[in-house]
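The block underneath contains the structure these notes are about, expressed in structure tokens.
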Amino acid sequence: MIAACTGLLDESALPVLSIIGAASLTVRRLFEGHLNAVKLAHRYGGIETAALVRTETAAGRILGVWNAEHGDGVVATRIGGGYRLAGTKVYCSGAGMIRRPVTTASSNGEKLMFLPDVASPRVSIDLAIWRAAGMRGSATGSVTFHELEVPDAAVLGGVGDYYRSPWFSGGAWRVIAVQLGALDRIMKLHAERLRDDPVARARFAAAAGAHEGARLHVWEAASRAETPASDPEEVDAYVDLARGTFETAALTIIEATRRNAGLSSFIAPDPLDRCLRDLETYLRQPFLDASRDHAARWLEVRGGRFMA
Ligand SMILES: Cc1cc2nc3c(=O)[nH]c(=O)nc-3n(C[C@H](O)[C@H](O)[C@H](O)COP(=O)(O)OP(=O)(O)OC[C@H]3O[C@@H](n4cnc5c(N)ncnc54)[C@H](O)[C@@H]3O)c2cc1C
């Protein structure tokens, strides 16, 4: 699966992401990160970075993308034949098992992507800080680079490539595809324990409607984002809207499920406990309010709707 996933670089990945998401959100988070890294390497890499990626997949190791940071994050300083990385990345999934993550760093205020070897003694990994309510198995931690030298052969693409439209914002459809898998599983567990009671059924119907809306939105987002002829700005706006709408739908489903299932949905080993905690944690994604705002501004001057 690791080596073969270059065949999953378009919307054909959707059912796979959702099925894995239904089975385990943690596995899907790692798989989605791997897919994202392979996509970036495929799009921006040259012969040398492709060889680095091949080495990892041939060894059975996944890749990931580590972009999140607090404060100054990681700074890349130009040196002869490459860069020197210093600083800390946060929320790095797969830390400790991924050897060559796509890692972003700022060079003169511009983001660049690197494929550093994080098995180096000049890199330290802290997994102890990950005491999250959910997604505990995702091996998410902080990674600090202590003046690690990275050769030019491990630089991926150039200035502006990481955030390039529509692949950065538009590519977020894969995150909601994974989350959709979790919603599928929660709805199934919810249905299995629905009481014969009109109030419970009303909550269940609200959840089912939100689920169907989320499903349609994810498919449309995937289709638009992966159609080569799409207008990149429209793709960004559509996926931004889909992210926000999906979050609202997921919160509706979580609320209805917890209220119908009651206290047991908070107590292990009830499978709902873990599914709901994982999804609640994983729903926290970057810039959700900014994404909604961007979609609203885009729609405001186009009559409030997307072209069919
Ligand atoms: C399980 C898990 C695994 C992850 N793995 C990775 C990984 O491998 N690699 C990686 O790079 N990241 C990873 N992340 C982190 C992820 O990419 C985001 O950085 C993180 O989820 C951001 O969540 P947040 O709620 O803090 O979002 P934020 O965007 O920080 O938002 C928090 C709140 O602050 C508000 N806010 C933010 N900025 C502003 C602003 N400028 N002005 C006003 N309000 C603002 C938002 O609207 C929101 O209300 C992971 C996250 C999770 C949950």
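The values are calculated or read from the model by the stated rules, or taken from the named source; none is laboratory data. For clarity, every value in this text was computed on a predicted model and none was experimentally measured. Cβ coordinates were reconstructed from backbone atoms using ideal geometry, including for glycine residues, and neighbour counts include every protein chain displayed.
The table that follows gives values for the structure above.
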read-out: Test: residue in segment 177-185 that is closer than 20 Å to Ile20 by Cα, assigned by TED's automatic domain parsing to the domain that holds Leu272, outside any helix (DSSP H, G or I) and among the aliphatic types (A, V, I, L, M); value: no
read-out: Output for segment 54-94, where each listed residue is part of a strand (DSSP E or B), within 16 Å of the ligand (Cβ to nearest atom) and touching an Asp or Glu at 6+ places or on another chain (Cβ under 8 Å); value: Leu85, Gly87, Thr88, Lys89, Val90
read-out: Flag for Gly137 being of a type outside the set (Phe, Trp, Tyr), assigned by TED's automatic domain parsing to the domain that holds Ser18 and assigned to a helix (DSSP H, G or I); value: yes
read-out: Helices (runs of 4 or more DSSP H) fully within segment 202-303 counting 1 or more residues that are of a type in the set (Phe, Trp, Tyr) and touching a His at 6+ places or on another chain (Cβ under 7 Å); value: 232-261
read-out: Members of segment 95-113 found to be part of a strand (DSSP E or B) and either near the ligand (Cβ under 9 Å from one of its atoms) or not charged (D, E, K, R) (or both), listed by number; value: Val102, Thr103, Thr104, Ala105, Ser106, Ser107, Leu112, Met113
read-out: Checklist (1) within 15 Å of the ligand (Cβ to nearest atom); (2) assigned to a loop (DSSP other than H, G, I, E, B) applied to His34, failing item; value: (2)
read-out: Whichever residue in segment 255-291 is away from the ligand (no atom under 14 Å from the Cβ) and acidic (Asp, Glu) and, among such residues, is farthest from Ser24 (Cα to Cα); value: Glu255
read-out: Qualifying residues in segment 3-23 (those that are within 21 Å of Met97 (Cβ to Cβ) and buried (at least 21 other Cβ atoms within 10 Å of the Cβ)) - the one modelled with the highest pLDDT; value: Leu17
read-out: Gly157 away from the ligand (no atom under 16 Å from the Cβ), of a type outside the set (Asp, Glu) and closer than 26 Å to Ile47 by Cα; value: yes
